[in-house]
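**Q** Mind looking over this structure? Questions follow.
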Amino acid sequence: MSFSMHKRGRRDGDQDGVEGEPRKLARKVAEHYSARTNQTREEREASPIIYLKKLNNWIKSVLIQRYTKPGDAVLDLACGKGGDLIKWDKASIGYYVGIDIADGSIEDARNRYNGETDHARGRRGHKFRARLLCADCFEVDLGPALKDDAPFDVCSCQFALHYSWSTEERARRALHNVSSLLQPGGYFIGTMPDANVIVRKLRHAEGLQFGNSVYEIRFDDHFRDKRFPSSQPFGIQYEFHLQDAVDCPEWLVAFPNFQALAEEYGLELVLKKNFHDFVHEYSQVPDFADLMRKQGALGDPSTGATISDEEWDAAYIYLAFVFQKSGKSTNRRKNVPRGTHQTILPEDIGFLQ
Ligand SMILES: C[S@@+](CC[C@H](N)C(=O)[O-])C[C@H]1O[C@@H](n2cnc3c(N)ncnc32)[C@H](O)[C@@H]1O
């Protein structure tokens, strides 16, 4: 894979224009997310999965608050529309690099960072400096483009790492990028589907699909025996539909294989928790219980509205993870442009291929 960085241009497809299947699927995922427009606050509140979205945000907030220190440099892989920017601001980070494959989402993240969206209503901009890039984080070696930004104290990959498990090469590239860009002692935090739960639900289903009124997972006939040998952990594709949010191919990530591969890249497991267990454990911590009330993650006592059974069941198909990069922390300070917010212009966004 050659490295090049340019302001705008072709990002998908290899040098001679012939695209392999994994890249085509990565593009399909990118197009799906790029096409999703930014919702207004009113539209968000009217979403049929509003409490699931709030619960997801609370879980990400807890991960961010637990594993980030003030002043940290953060790498957000598959940052999407910058939905976590406010959470990073609340954690008082010092520097942020966000990367996503979907150029439409990066543009939304730019507007959000600049305080030009409905989400930023009433906010005076984020306190930290930031850089945004458009790239396939699971294909491109991010090292050269980020040589002046790395090492990072925290790498976050929220609801996206499973898009790297279409092939072993992509899964390895993802972990190589994380590990090579993190400081020793730095944390890799994330959320993704829980393959254990998905396979269990599949085996309980009559056919090859299951779900409820808010989500559906569909495997194709290739997996009719519902067996997934651990010797073939990559490329286990299914179609995922989440109402008002997702409609695209995803890949199972069997956690034991993920943990073993992460260890090869010097990443040691710190935490792995299904969302249900995560909620039960961290909602007992007073600060996080307060945050849960403020964010209305399980419901709104003033109206009596609560998370629906279907949303709670959908939350069960996810897990949270934390890894730590091995080695002694050097606390090497980066030569990155710290300081307060600086508007990001369209031409500041880098496109990597
Ligand atoms: C469910 S969204 C999550 C966005 C964000 N992390 C959040 O939690 O709000 C998944 C994101 O992964 C991004 N994505 C999928 N495949 C990717 C890839 N190969 N490289 C970079 N981003 C990718 C999508 O464009 C999308 O923004």
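**Q** Kindly check whether there is at least one residue in region 294-312 that is closer than 17 Å to ASN56 by Cα, within 19 Å of the chain's Cα centre (by Cα) and of a type in the set (D, E, K, R).
**A** No; the residues of region 294-312 include none that is closer than 17 Å to ASN56 by Cα, within 19 Å of the chain's Cα centre (by Cα) and of a type in the set (D, E, K, R).
**Q** Now for a separate question. Going by the structure shown, is LEU202 within 16 Å of the ligand (Cβ to nearest atom), in contact with a strand residue (DSSP E or B) (Cβ under 8 Å, 6 or more places away or on another chain) and at negative phi?
**A** no
**Q** Another question, if that's okay. Can you go through ARG110, ARG173 and tell me which one is touching a residue at least 12 places away in the same chain (Cβ under 8 Å), closer than 29 Å to LEU271 by Cα and surrounded by fewer than 24 Cβ atoms within 10 Å (Cβ to Cβ)?
**A** On the way: ARG110 fails: closer than 29 Å to LEU271 by Cα.
Exactly one of ARG110, ARG173 is touching a residue at least 12 places away in the same chain (Cβ under 8 Å), closer than 29 Å to LEU271 by Cα and surrounded by fewer than 24 Cβ atoms within 10 Å (Cβ to Cβ), namely ARG173.
**Q** Within region 27-81, work out how many residues are surrounded by fewer than 22 Cβ atoms within 10 Å (Cβ to Cβ), among the basic types (Lys, Arg) and in a loop (DSSP other than H, G, I, E, B).
**A** 2
**Q** Moving on. For region 92-191, give me every one of the strands (runs of 3 or more DSSP E) that falls completely inside it and has 1 or more residues that are away from the ligand (no atom under 11 Å from the Cβ) and among the small types (Gly, Ala, Ser).
**A** Once the strands (runs of 3 or more DSSP E) in region 92-191 are filtered for at least 1 residues that are away from the ligand (no atom under 11 Å from the Cβ) and among the small types (Gly, Ala, Ser), what remains is 129-134.
**Q** If I filter region 205-225 down to residues being within 16 Å of the ligand (Cβ to nearest atom) and out of contact with any His (no Cβ under 7 Å at 6 or more places or on another chain), which single residue comes out as nearest to GLN259 (Cα to Cα)?
**A** Here the residue is ILE217.
**Q** Same structure, new question: Would you confirm whether any residue within region 154-165 is of a type in the set (A, V, I, L, M, F, W, C) and surrounded by fewer than 22 Cβ atoms within 10 Å (Cβ to Cβ)?
**A** The answer is yes; a qualifying residue exists.
Throughout, read-outs are computed from the coordinates displayed, never taken from laboratory work. All figures in this text were calculated on a predicted structure; none of them were measured in a lab. As a convention, Cβ positions derive from the backbone with ideal geometry for all residues, glycine included, and neighbour counts pool all protein chains shown.
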